[in-house]
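Before any comments, here is the structure.
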């Protein structure tokens, strides 16, 4: 395909484009589990199934169509795998430039660095920290993903020894960082079955690094700081050399060079997604660890910078990150932002209103309410579930607005809440008349007692306080 | 059967040289293919590249690399040319604040908007008016997380003194005075009292002022009309005008007051571009385009920031692509980040100190929206404010990156 023929963007692709190339066996064979080829084509377009699920298509007879489909569906940014077997991670595979166009694939893995000159216990501690990082966010566990091993000694023996030790300690995918091909060769020799990412080929060492990437079948990063022509030329060269799995590092400049960083990332991704430039269609590596190159700056300030630079790079097309900070306050906002960025943009902001039942509530169980803003609801749901409380939760339709905003905007009022209470039918399910309202809706309590005739208990401002609140206030003390 | 067996043997041989992955790949192929189609090894080879995009490609044995015709011996140049677009649309420029010569009393004014490309695409356009920060000030006692309270403890309840700190210490480009005390459910202060507060703040600082209401559409309308009158000519921004006001048939009154006294309005909608357009259409009946800024709603990091991010990004792209009803600068209430429990809650030693976690929450929230195209940020924590101002400075000029600075990051001892 020439560069001029820009292939259809993922959004312009219709199920019909796929359908045309499917086997269309009559009567439908149903081997993919769908009713017919059109239904299958629709799922393919939505990236819910891979075309390989159509087993007839894989027969020799349909080879031409299969190849065409592969090409049609190939992401603008190549998907590259780091690691082997169950411990592998897919990088890139981006179909679109902007989040609102289509769900982003392959959330940006975060790698934490160790070096071959760190004391062994420090290396082990950092690896353990990465493996142990866990945060429970709306029912999902957020993790860190990889270890980047840097050779600061430039000594092949030392590098190999650290790489081996790390590989023996953890199953996490690895990035081997050294610009010295001799050190890389020795280290790779001991862990190539783990398919680590090689960092990096430059304008000076590219031939040797390319040989290593080929010999050991490992993905290779191209490093051309602030020189996209060099980066593109290196890609051109290495593709012709036979290296297929490439990764780009156009340089991460964190201070006054930040505009170049963001612009380089953006230009690469735009040329790939909107211009069909296949030479630039590779994942981008962000290296916020470079903030640490600045000397005589307090540690907290560098951690601070690294945290926000990482978040910006993720917003601007970075497919993998190498960081140094291990502080929770640095990594938490980034793992959450990553989770958020990679959610389905077409998912509604609101959840269905109505009565939700948790556990096995009886006629004496607490009744609470919240709004139908998805994030509010999921947070409350996750807090109730993790506390194991049996209760009723009325989800009031506020048009997908949070408690605080809907009270301020007069969407959540005593009337709308009373109406939701009535419709929920909870009156028949419990024999008490106590309603727990969100702390952020406290101002409605007086009015609500009047409109509903129920006793109002003002609950915590944050749903994390629900278990403690119930412990102190439930069952309610008799009116005295 | 004979064929099947033959292939299997080959697989085993190959596995010695090229590792288990190819074996796995071939065995998978075997399952699919060998049921009803007879193929020979020649065909098998042809099939490998096609499948190799599904499964990681096999390790390449030396014999296979030889098959590649010629390896380049020098870098094959392939110059980079950025994909530069031109767009039919432009964000309207809006001026906040007015100097004496313009009928106000500000010594500093701000111009926002004017962009003709996506945010910070410097390869297309250097932003004509860099985004600005307006610092939040409240006119009454308010519950604040400790990390925020520390910095303003002494001035809570004194909005003029608070505004002064915001400008002198936090380097605010503008100040937002939230007239919370006017809330009928809080103090129900009168529009006249609210107007006095605004007058005092206007005297205390020389930057543009944003006037925040309490969220009750009827009360806000009364307060805004009074404030508009007493701050005649100052070009304050009234925050905010809503479709609820339109429903209560009071939007026109407020918009007319803004026009009569020379002010700007903030059109607030909650994450729905069609509603934003509808509100703007209603405002066009009363106000020039140069007097309208949009607030599309900011949800905190972890609590819907991604929705805000996509809405602001879509708004900017639609605007420059020619949607006239969205060609307005945008504002984000990034202080909303503090609604996230992770911003203020005590969470266990591995997540501390929250004195850093909190302002980082505000920073990450604001920076996501900066990249999406927001022009004005309402913020509170001094560290977050300083960071976003620094980032804006760093993002608006090119030519500062020195490749030698980072060329050797791999081997640097930290």
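No value in this document is a laboratory result; all are computed from the given coordinates. Predicted model, so just to flag it, every value in this text is computed and none were measured. Glycine also receives a Cβ, built like all others from the backbone with ideal geometry; neighbour counts cover every protein chain displayed.
A few comments on the model shown:
- Förster radius 41 Å - calculated FRET efficiency between residue A:445 and residue B:199, Cβ distance, rounded to 0.05: 0.70
- Distance between region A:370-402 and region A:29-64 - C-alpha centres, whole angstrom: 39 Å
- Only Cα pairs under 8 Å and 6+ residues apart enter the sum, and on that basis the relative contact order of region B:312-414 stands at 28 percent.
- Global geometry of region B:298-414, whether rounded, prolate or oblate, following the gyration tensor of its Cα atoms and the 1.5 cut on a/c: oblate
- For region A:102-178, the share of DSSP beta bridges that are antiparallel, to the nearest 5, is 25%.
- Gap separating the Cα centres of region B:104-163 and region A:259-277, nearest whole Å: 31 Å
- Computed over region B:258-378: relative contact order in percent, which uses C-alpha pairs under 8 Å that are six or more apart: 26 percent
- Counting only DSSP beta bridges with both residues in chain A, the antiparallel share comes to about 25 percent.
- Overall dimensions of region A:1-154 by Cα: Rg and Dmax, Å: 21.2, 67
- Sequence-separation-based contact order of region A:79-341, relative, with Cα cut under 8 Å and 6+ spacing, percent: 19 percent
- Alpha-carbon gyration tensor eigenvalues x 5, square-rooted, for region B:66-173, Å: 49, 24, 11
- Region B:94-395 shape via C-alpha gyration tensor axes, a/c threshold 1.5: rounded
- Shape parameters for the protein assembly as shown, alpha-carbon atoms, Rg then Dmax in Å: 29.9, 97
- The length gained on full extension between residue B:111 and residue B:412, counted as 0.36 nm times the residue separation minus their Cα-Cα distance, comes to 104.0 nm.
- P(r) of region A:354-473 over all Cα-Cα pairs, binned every 5 Å from zero, in whole percent: 2, 12, 25, 27, 22, 10, 1
- In units of the rule-of-thumb radius 2.2 N^0.38 Å, chain A shows an alpha carbon radius of gyration of 1.19.
- 222 nm mean residue ellipticity, helices alone, for chain A (DSSP H n ≥ 4; -39,500 (n - 2.57); rounded to 500): -11500 deg cm²/dmol
- Cβ-based exposure ranking for A:19, A:377, in which fewest neighbours within 10 Å come first: A:19, A:377
- Note on region A:15-73: Cα-Cα pairs beyond 16 Å make up 31% of the total pair count.
- Antiparallel bridges, percent of DSSP beta bridges restricted to region A:79-341 (to nearest 5): 25 percent
- Cα gyration tensor shape for region A:79-341, rounded if a/c is under 1.5, else prolate or oblate: rounded
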